[in-house]
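The structure appears right after this line, and notes come after that.
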Amino acid sequence: MEEKVVVDVDVINKAMKKIFAVILLLVSMNAYTQDSTAVYKKRVLENIEIDFLTSYYTQDGNNAAVTGGIGSEKITDITPTFVIAIPLNDDDVLIIDAGISAYTSASSSNLDPFDKSGASSRDDGNNNSSNTKVVGSPWVASSGASQADSWKSLNANYSHSSDDRNTVLSANISLASEYDYTSFGFGGGYTKLFNEKNTEISISGKVFLDSWQPQYATEINSYIEAGESLNNGFFSGIPILDQNGDLSVKSGADSWSPINTTLLDNTSRNTYSLSMSFSQILSRNAQFSLFFDVVNQSGWLANPMQRVYFGDRDNYYIGEPESIPNYTSSTNKDVFQLADDIERLPSSKFKLPIGARLNYFLSERFVLRTYYRFYTDDWGVTAHTANIELPIKVSDKFTLIPSYRYHEQTEADYFAPYEENLSTQEFYTSDYDLSAFSANQYGIGVRYTDIFTKFKIRGKLGLKNVEMKYSKYDRSNGLSSGIFSLGVKFVLD
Amino acid sequence: MRKIAMLIIMASAFTSCVAVKEYQMVNINDPDMKLTANKNNRFETNFQLYREGAAGANGGKGGGGCGCN
């Protein structure tokens, strides 16, 4: 009996060994099959890639929209951003894009130009703080809550490529917020390659469901909060001057009041866009693409921070009477004109931009990159934009990239400069971004590339490239800006 | 619309050209030949979105996500 049990155990052991052997064989065959497949199906993305991107932007001009088309447009902005591309498997890639844009703005600060530490810090000369006059100026940055802010954004994009790499499906989601604006967006795309990957057609859709947390010009907001009275709240005890610098009455038909005390009645602002593109390889050295967007926006499309002054209404001021004749001069540091209304624009906008790119590999040293866009919308803006870049491969690691961009546009139907809109109009703005102008932008960039990622941080994070660029942008209506951008790409081994 | 249709027809005509084989795409695959804006240009595109009345058809946003146009 005991011998039988020992024999049975031996049989079981032998059977188990066979089963293990079969399992091992199957596992190894499976592994071999996977390896074989890997030979034929290249991963869409081999390793995790990390981009650190940042920029420093400055601008100045004389047509700030927050102060009705006149005043300082000084802005500085810094934007640290990380983009991380993660291969989830052979076919799928997840891209996380997170960034901050931290800015200071003279124009936005003048939402409240009478802030104590701004222009109004001027006193009457007798060192008695109680006698500090309330003054303001569209040319002096105030230091209210709106003088600095940050825009924060987080985007996630997932893409799946088919085994033959001829079809790509993608989906994305985005969140963004700043102190007076939040945005939630989502979208999806479909890309098809054919003709031996010489031709590519892509279609994508995006939806942004945005909303305002509206901030208003302080005089309009205070007037409404005080029950439409100039004798209560902010205006209590503050002299209001007429165009001649004389004291104005604070009640009746000859006193200042905004023409409209109904502000935002709808805080939503939605954008729906459909994009199509067609790309074609023309030869071993040339390829081009066409882009076509259809964009529809609805909701509150005006910016509630932006003032408007009408040419057919009397003007009223707070500050020094002797500065009123010089109101539109940057020498004015101590008088501010009370707004007639906030900017008002239609609740829908239809945009139709069409773009094209043509790239040509001129030689081992030069590549020509060109771009053109035609834009039109139902607010009356028509624009042409052209861009040319000429990457020069100075060595196998360094590329110099000079560029030039030209933009011209017609003005929106609702635009008029400071004091040139009329109160009889339904829609009006003095935002010079919607005016007629042309703009020239000159840029120079340099890129260092190391395809072998020899330089490593902590032995794993290989530096793939570093790119720096500076661009100078000048608009024909006086706005001038400069932007320095830096991009560093790492590959995780 | 007629112009757009013409553009699409012209673009389709290119597909009838002899295809460039994958092993002939050394120059086409150069990073500077990409038919998209350089990643480092995203901040420029962003300020242009604020400072100009036109946007879109460049792979960036045509609006939404910011209190600009």
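The values are calculated or read from the model by the stated rules, or taken from the named source; none is laboratory data. It should be emphasised that the depicted structure is a prediction, and the values quoted were computed from it without experimental measurement. Cβ: placed from backbone, ideal geometry, glycine included. Neighbour counts: every protein chain shown.
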Requested in this report: Just give me the residues in the range A:293-338 being farther than 22 Å from residue A:434 by Cα and under 20 Å from the mean Cα position of the chain (by Cα), in sequence order.
Outcome: none
**Report entry** Yes/no for residue A:208 being more than 10 Å from every other protein chain (Cβ to nearest Cβ), among the aromatic types (Phe, Trp, Tyr) and within 30 Å of residue A:305 (Cα to Cα)
**Finding:** no
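So which residues in the range A:284-316 are of a type in the set (Lys, Arg) and facing chain B (nearest Cβ under 7 Å), if there are any at all?
A:284
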Query - Single condition residue A:146 does not satisfy, out of (1) surrounded by 17 or more Cβ atoms within 10 Å (Cβ to Cβ); (2) modelled with pLDDT of 90 or more; (3) of a type outside the set (Val, Ile, Thr) - result: (2)
**Report entry** Residue that is farthest from residue A:211 (Cα to Cα) [pool: residues in the range A:260-283 that are facing chain B (nearest Cβ under 7 Å) and without any contact (Cβ under 8 Å) to a residue 40 or more places away in the chain]
**Finding:** A:283
Query raised in the report: Is there any pair with a first residue in the range B:43-65 that is on the phi > 0 side of the Ramachandran plot and at the interface with chain A (Cβ under 7 Å from one of its Cβ atoms) and a second that is assigned to a loop (DSSP other than H, G, I, E, B) and at pLDDT below 85 whose Cβ atoms are under 7 Å apart and which are 6 or more apart or on different chains, and what are they?
Result: B:56/B:62; B:63/B:69
Query - Residue list for the range A:134-178, restricted to those being within 22 Å of the chain's Cα centre (by Cα), over 14 Å from residue A:95 (Cβ atoms) and more than 14 Å from every other protein chain (Cβ to nearest Cβ) - result: A:145, A:147, A:148
Report summary line: Checked A:412, A:416 against criteria (on the phi < 0 side of the Ramachandran plot and surrounded by fewer than 22 Cβ atoms within 10 Å (Cβ to Cβ)); the one match is A:416
Requested in this report: Test residue A:453 against the criterion of being part of a loop (DSSP other than H, G, I, E, B), of a type in the set (Val, Ile, Thr) and modelled with pLDDT of 95 or more, and give yes or no.
Outcome: no
Requested in this report: Could you check how many residues of the range A:434-493 are on the phi < 0 side of the Ramachandran plot, of a type in the set (Ser, Thr, Tyr), over 22 Å from the mean Cα position of the chain (by Cα) and surrounded by 14 or more Cβ atoms within 10 Å (Cβ to Cβ)?
Outcome: 2
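Take the residues of the range A:369-389 that are hydrophobic (A, V, I, L, M, F, W, C) and at the interface with chain B (Cβ under 9 Å from one of its Cβ atoms): which is surrounded by the most Cβ atoms within 10 Å (Cβ to Cβ)?
That would be A:381.
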Query - From the options A:352, A:282, A:345, A:274, residue that is crowded, with 20+ Cβ neighbours inside 10 Å and closer than 30 Å to residue A:374 by Cα - result: A:345
Report task. Would you be able to tell me the number of residues in the range A:69-99 that are assigned to a strand (DSSP E or B), in contact with a Pro (Cβ under 8 Å, 6 or more places away or on another chain) and either within 12 Å of another protein chain (Cβ to nearest Cβ) or under 30 Å from residue A:311 (Cα atoms) (or both)? Result -> 2
Requested in this report: Scan the range A:410-445 for residues that are away from every other protein chain (no Cβ under 14 Å), closer than 24 Å to residue A:108 by Cβ and of a type in the set (Ser, Thr, Tyr) and jot them down.
Outcome: A:418, A:428
Query raised in the report: Does the range A:270-287 include one or more residues that are among the β-branched types (Val, Ile, Thr) and touching a Ser or Thr at 6+ places or on another chain (Cβ under 6 Å)?
Result: no
